[in-house]
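S.K.: One structure, pasted below without further comment.
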Amino acid sequence: MCTHYFVFLYTFQLTAHTEKHRFGRRNLLGSTTISLRDLTVGGNTYTRPLYPNLPKVDLGRLRLVLCYHREKRRLLVTVVRATNLPSRVIPADSYVVVELRGSDNEVLAQVRTKERHFSNNPVYKEVFSFDLPSRPIEDWDFTNIQHPLDNVSLTITVHRRKLFFGDDTIGCVTLRSEVRTNGYSHLWKCKRSPYQPITEWHDLKSVSKFIT
């Protein structure tokens, strides 16, 4: 006898527009999605970035390995390599910044790789360890126990080194523990498989796409 199980993933999309101007048109500021799986009974307040509908630009890809150590409440992030980074004249000198952010989007920890020189396909192979924050026991909600990875996010940004006027940002990746319409996120897989390294490629997005 065979038993079938079906999992339905529902999300809804919110869009933000400017008010109508004298020509009767509204300009789209951006949109965001929320998974209905994340909703709880009662009032829910979320802070999510808006993603404007900008023309897609190939900014390259980033290969990351995540591993969650449950007993130590520690997240290991390995920045492996990047591919197809854009360059103007000569291949760029680049480095990667990794930020662990809390539920209020505050930066809890920040690290960076060493620079890689003259390469559009740099290999970093650097491992970083993040201790996940613990909540005071008086703040516990025993009716809605959350996983430590549900209260944090990762922002990984690739920078181009410049000699003058500061460095450029090539692109970034934001990782959260969530279920998407096209499957499970990298951080969600990491949460469900502790002690197991999970490797994935991520497309770099323009920083201007993240409006906070």
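S.K.: In this structure, is residue 16 modelled with pLDDT of 95 or more and more than 21 Å from residue 185 (Cα to Cα)?
M.R.: So residue 16 fails the test.
S.K.: Would you mind stating whether residue 72 is of a type in the set (D, E, K, R), in a loop (DSSP other than H, G, I, E, B) and modelled with pLDDT of 95 or more?
M.R.: So residue 72 does not fit the description; no.
S.K.: Restricting attention to the stretch 87-100, does a residue exist that is farther than 22 Å from residue 166 by Cα and surrounded by 13 or more Cβ atoms within 10 Å (Cβ to Cβ)?
M.R.: Among the residues of the stretch 87-100, at least one is farther than 22 Å from residue 166 by Cα and surrounded by 13 or more Cβ atoms within 10 Å (Cβ to Cβ), which makes the answer yes.
S.K.: For residue 26, are the conditions met, namely being assigned to a helix (DSSP H, G or I), farther than 30 Å from residue 118 by Cβ, among the basic types (Lys, Arg) and at pLDDT below 85?
M.R.: In short, no.
Residues checked against (1) closer than 23 Å to residue 60 by Cβ; (2) in a strand (DSSP E or B); (3) modelled with pLDDT under 95; (4) in contact with an Asp or Glu (Cβ under 9 Å, 6 or more places away or on another chain):
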| site | (1), (2), (3), (4) |
| --- | --- |
| 154 | yes, yes, no, yes |
| 159 | yes, yes, no, yes |
| 165 | yes, no, yes, no |
| 174 | yes, yes, yes, no |
| 188 | no, no, yes, yes |
| 191 | no, no, yes, yes |
| 202 | yes, yes, no, no |
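S.K.: Here's another thing I want to ask about it. What single numbered condition from (1) under 13 Å from residue 155 (Cα atoms); (2) of a type outside the set (Asp, Glu); (3) in contact with a Gly (Cβ under 9 Å, 6 or more places away or on another chain) fails to hold for residue 82?
M.R.: (1) is the only condition that residue 82 fails.
The values are calculated or read from the model by the stated rules, or taken from the named source; none is laboratory data. Nothing here was measured: the structure is a model prediction, and the numbers come from that model. A quick note on method: Cβ atoms are made from the backbone with ideal geometry, for glycine too, and the neighbour counts reach across all protein chains shown.
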